[in-house]
Amino acid sequence: MDPDEQQVSIFYSFGENKDIPKIGTRSKYFKDWVRVNGGPPKHGQEMSPAVFVNLEIGYTVHVGDAVKDSEGAVKDDALVYSRIDRILEVKRPSAQADTQAIWQAGSPF
């Protein structure tokens with residue numbers, strides 16, 4: 001498989017209450033969402049995961065193996081899976097090259 005065209009997943013924590021998800025401004029989801037969106041949410045704007053699946057945006061990511069379970073214990077090899085550890089770069093169409101360069105340098109959050 002071409003390494004430039006693989007599909008992998010990223011997982012975010014939204015708190016312990018599944019009925020009321022929490023997105024804190026210091027959370028990984030918030031920081032990644034802001035980078036992908038090109039800026040922080042406007043007042044009242046929903047932080048929808050749809051921004052991550054925009055076909056015009058590409059990503060360079062670091063992929064790692066999930067070797068520990070939710071309690072920190074090492075998993076059996078058969079239970080280990082790969083997932084995105086972090087988004088390294090957000091690649092936008094050239095019209096947004098200036099914004100891309102700013103967000104490649106790192107989120108201000």
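Couple of notes before you dig in:
Residues checked against (1) in contact with a Pro (Cβ under 6 Å, 6 or more places away or on another chain); (2) part of a loop (DSSP other than H, G, I, E, B); (3) at pLDDT 90 or above:
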residue	(1), (2), (3)
Val34	yes, no, yes
Glu56	yes, yes, no
Ala78	no, no, yes
Leu88	no, no, yes
Ala101	no, no, no
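- Val74 vs. criteria touching a residue at least 12 places away in the same chain (Cβ under 8 Å), touching a strand residue (DSSP E or B) at 6+ places or on another chain (Cβ under 7 Å), among the β-branched types (Val, Ile, Thr) and over 19 Å from Lys91 (Cα atoms): no
- Residue in region 16-28 that is nearest to the chain's Cα centre (by Cα), counting only those that are surrounded by 12 or more Cβ atoms within 10 Å (Cβ to Cβ) and over 18 Å from Gly44 (Cβ atoms): Lys28
The values are calculated or read from the model by the stated rules, or taken from the named source; none is laboratory data. Because the structure is a prediction, the values reported are computed rather than measured. Neighbour counts are summed over all protein chains in view; Cβ atoms, including those assigned to glycine, are modelled from backbone coordinates with ideal geometry.
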